[in-house]
Amino acid sequence: MALPSQWADYDFVFSATVRWYPLEAVGNDPVLNPAGLAVEAVLERARSMTEQREPGRPSLVQHELSGALSRMLPDPTGHLHVMAEDITLALREHDQERLDRLAEVRKDKAVWEHQRKYEQSKRQYLSEDVLKDTGSAVVWWLAKNDDRVEKTVADLGLLAQLTSAANDTDVPTRLLHLMAQPHGERPGPLHEPTPPFEQELTTADHFEAFLNSMGFPDGDVRRAMLAKQIADVIKTQDRHETAEDLLRRFDPPASFTANAGDPSASAHAAPDGTPETPSCERKTDGQ
């Protein structure tokens, strides 16, 4: 039999074995169908429970019905005592599939809501606390870098730009001297700094930033080597002025001994047998 659940259109499928016995009959009682009365009594008792239960857990409701219907109780007419056993309760297959899909959607929505609230909380923390102003950003950055004061000082310009961008404002004039300057222009105590956004960076400036990001500091021979190689490539594109700018900035040798790390190429014997150290010879175009 189909019994209603708490949700419309989601009926339970109920089956059971009904047991009954008659009470003492009175002489003037009408003719009865005790089996029909017993089934009606069991269904009424089962229905009163199922219509208050959600359809998502039919096995749990089945155990509840097994306990409630296992007792012999009088039927509403008072002629019988009725009980039920071998009770089963389930949903139709297509209804169960729908409920499973709805459950997946609810769980996905709950995860998405948590992620959204987490992102909102993180943005609020960054905008209203960490990046509220440059001072707050400096304190936060100092804590992040385990009290490495030198690194924090070196990053002051970056923090000033980040804070201004987060608040959609210009970098304060008093902090402009912390911004990165092109090569050869370092503001001193008597030098009025020029905002970096008013200066046009050259190819050599960008190349120096690239070298620094690669971890090649001033004095590293790899800076000169890369500059020479890039300059040679640029000359093939008829950009001689840019190539010369790179050479003037980094002043690299014109050529390098190939395979400098190869022991067979690292030294040569002089005519008197003395090892000769390889060297780099500088030359200009046309020589």
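Taking the conditions (1) modelled with pLDDT of 95 or more; (2) more than 24 Å from the chain's Cα centre (by Cα) in turn, THR77 satisfies each one other than (1). Applying a threshold of 7 Å to beta carbon distances and a minimum spacing of six or more residues, or different chains, the list of pairs starting in segment 54-80 at a residue that is closer than 29 Å to ARG98 by Cα and free of Cβ contacts under 8 Å to residues at least 40 places away in the same chain and ending at one that is assigned to a strand (DSSP E or B) and open to solvent by 30 Å² or more (accessible area, probe 1.4 Å) reads GLN62/THR88.
Across segment 91-132, the number of residues qualifying as in contact with a helix residue (DSSP H, G or I) (Cβ under 9 Å, 6 or more places away or on another chain) and open to solvent by 100 Å² or more (accessible area, probe 1.4 Å) comes to 1. Consider segment 11-56 and keep the residues that are assigned to a loop (DSSP other than H, G, I, E, B) and in contact with a Leu (Cβ under 7 Å, 6 or more places away or on another chain). The one that is modelled with the lowest pLDDT is LEU23.
In this structure, is ARG116 in a helix (DSSP H, G or I), at negative phi and at pLDDT 85 or above? So ARG116 passes the test.
Going by what's in this entry, would LYS228 be described as assigned to a loop (DSSP other than H, G, I, E, B), surrounded by 14 or more Cβ atoms within 10 Å (Cβ to Cβ) and at pLDDT 85 or above? Please lay out each step first, then the result.
On the way: assigned to a loop (DSSP other than H, G, I, E, B): no; surrounded by 14 or more Cβ atoms within 10 Å (Cβ to Cβ): yes; at pLDDT 85 or above: yes.
It is false that LYS228 is assigned to a loop (DSSP other than H, G, I, E, B), surrounded by 14 or more Cβ atoms within 10 Å (Cβ to Cβ) and at pLDDT 85 or above.
Could you list, in sequence order, all residues of segment 133-171 that are on the phi < 0 side of the Ramachandran plot, in a loop (DSSP other than H, G, I, E, B) and surrounded by fewer than 17 Cβ atoms within 10 Å (Cβ to Cβ)?
So in segment 133-171, the residues on the phi < 0 side of the Ramachandran plot come out as 133-145, 148-167, 169-171.
Still in the running and in a loop (DSSP other than H, G, I, E, B): 133, 145, 148, 155, 167, 169-171.
Hits for segment 133-171 are ASP133, ASN145, ARG148, ASN167, THR169, ASP170.
Residue by residue, here is whether (1) modelled with pLDDT of 85 or more; (2) on the phi < 0 side of the Ramachandran plot; (3) touching a strand residue (DSSP E or B) at 6+ places or on another chain (Cβ under 8 Å) holds:
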| site | (1), (2), (3) |
| --- | --- |
| SER213 | no, yes, no |
| VAL233 | yes, yes, no |
| ASP262 | no, yes, no |
| ALA265 | no, yes, no |
| GLY286 | no, no, no |
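On the given criteria, is VAL82 modelled with pLDDT of 95 or more, in a helix (DSSP H, G or I) and under 28 Å from TYR10 (Cα atoms)? No, not satisfied.
Inspect segment 183-202 for any residue being at pLDDT 80 or above, outside any loop (DSSP other than H, G, I, E, B) and of a type outside the set (Ser, Thr, Tyr) and give the result as yes or no. No, every residue in segment 183-202 fails to be at pLDDT 80 or above, outside any loop (DSSP other than H, G, I, E, B) and of a type outside the set (Ser, Thr, Tyr).
The values are calculated or read from the model by the stated rules, or taken from the named source; none is laboratory data. What you see is a predicted model, and the numbers here were worked out from it, not measured in a lab. Every residue, glycine as well, gets a Cβ built from its backbone with ideal geometry; the counts of neighbours run over all protein chains shown. These area figures cover heavy atoms from the full protein model, side chains too; ligands, DNA and RNA do not enter into them. Shrake-Rupley method; radii C 1.70, N 1.55, O 1.52, S 1.80 Å.
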